[in-house]
Amino acid sequence: MICVGIDAGSRAIKIVLMDPADLRVLGSGVAEQGVNGGERATRLLEQVLAASGAALEKIGCIVATGYGRNAIGIADATITEITCHACGVHHLMPDVRTVIEIGGQDSKFLHLDPTGAVQDFAMNDRCAAGTGRFLEVLADRLGVSIEDLGRMSERSTRPAAISSTCIVFAETEIIGLLSSGTTPEDIVAGVQNSIATRVATLAGRNAEAPVAFTGGVALVPGMKRALEAAIGRSVSVAPQPQLTGALGAAILACRRVSGDSSGRLDRGLDGSSRRDESALRPCCGGTDRAAGSE
C-alpha cells in the first residue's frame, strides 16, 4: 500500500509518496501551481508514481493540504497546512519547538509541544510583504531570478532599510533606492531583512529553541541569516523545506490506514472516492488553536 500527501500551495504543488509500514518516502515531486490546481496535481501524481515504479491501484489514502487543498478532488481528506507542517517537521526534527514557514503568499509561526502537537500559531495571509511574493516582485524589478537574489544578498555590504510595510509602497521605495544609487545587492539584503522582520512579529517573544525554517523561501540563500538576526536565535533549515507540508500530509494519510487492511480505496483519478473531514487535525493527539484562543 502507498499513501500520498499533496500540498497544493499558492505557487507550487508538492507531492510525497510514503510506505505506511515504515513511513519511508518512496518518491516526491514539485510542479508549478496554475489555474486548474486539481488537474495539475493529478498529472504530477501520475508522474511521481511512474518515476517511483508505483501503481495507482496501490494507493490507500490521499490527504491534501495547503492553500488550494479544496481543489484536489482526488483527495480522501483535506487537512490544514498548520497541522501538516507541524507533523512533517516533527517527523524530521523531533526536538524542534518552533516552526517558521514562509511560502509564496503567506507565512506561519507554529509553537510545538514535545509530542509535536501545535500549542499555538500565528499566520499572515493578508499581506505579501512577509512572504515569497515580495522576493518575486523584487526579482522582476531587478530582472534576475529568485536564485540570483540569494547570491546577490551575500555580496551586500550595507543592507538598505526598507521602511514600507506594504509591498505596493515597498516597490516604489525600491525604485527610489535604485535611483539614488543604492546597489541592487544592498536592496536585496534589505528586502530579505524586511521579510524576516515581518515574520518575526508573528513569533513575538515566543520563538522557543530549537527553531526550524520551512517553505520554499527557506531555499533562498540569505533568508536563514536574515531570520536568525530578526528573531535573535539560531535557525535550522528543515531537510527539503519545500516538501514538509506534503510530508506531513503523507504521514497523516498513513495514520488513517495504519492497522486497517481495508483502508485501501478502489479509485480512478476522478475524485470519486473523496471523503470530507474537519479542517483541523492534531498531529500527535493535541489540538491546533490560534495563539491566545481557547
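Numbers at a glance
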| quantity | calculated |
| --- | --- |
| Test: residue in the stretch 166-178 that is touching a residue at least 12 places away in the same chain (Cβ under 8 Å), outside the structural domain of ILE13 (by TED's automatic domain parsing) and of a type in the set (Gly, Ala, Ser) | yes |
| Condition check for GLY38: touching a helix residue (DSSP H, G or I) at 6+ places or on another chain (Cβ under 8 Å), surrounded by fewer than 21 Cβ atoms within 10 Å (Cβ to Cβ) and part of a loop (DSSP other than H, G, I, E, B) | no |
| Matching entry among ALA226, ALA189, ALA203, ALA170 (being surrounded by 17 or more Cβ atoms within 10 Å (Cβ to Cβ), over 24 Å from GLN119 (Cβ atoms), touching a Phe, Trp or Tyr at 6+ places or on another chain (Cβ under 9 Å) and not β-branched (Val, Ile, Thr)) | ALA170 |
| Residue that is surrounded by the fewest Cβ atoms within 10 Å (Cβ to Cβ), among those in the stretch 1-27 that are outside any strand (DSSP E or B) and not basic (Lys, Arg) | ASP22 |
| Yes/no for ASP19 being farther than 30 Å from ALA200 by Cα, touching a strand residue (DSSP E or B) at 6+ places or on another chain (Cβ under 8 Å) and acidic (Asp, Glu) | yes |
| Residues satisfying the stated conditions in the stretch 9-28, i.e. under 20 Å from GLU101 (Cα atoms) and among the basic types (Lys, Arg) | ARG11, LYS14 |
| Matching strands (runs of 3 or more DSSP E) fully within the stretch 58-138 where at least 2 residues are more than 11 Å from the chain's Cα centre (by Cα) and not polar (S, T, N, Q) | 59-65, 107-112, 118-124 |
| The stretch 8-19 residues that are more than 15 Å from THR42 (Cβ to Cβ) and at pLDDT below 95, paired with ones that are of a type in the set (Val, Ile, Thr) and assigned to a strand (DSSP E or B) (beta carbon under 7 Å, 6 or more apart) | ALA12/VAL30 |
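The values are calculated or read from the model by the stated rules, or taken from the named source; none is laboratory data. As the structure is a prediction and not an experimental result, all values here were calculated from the model. In this analysis, Cβ positions are derived from the backbone assuming ideal geometry, glycine residues included, and neighbour counts consider all displayed protein chains.
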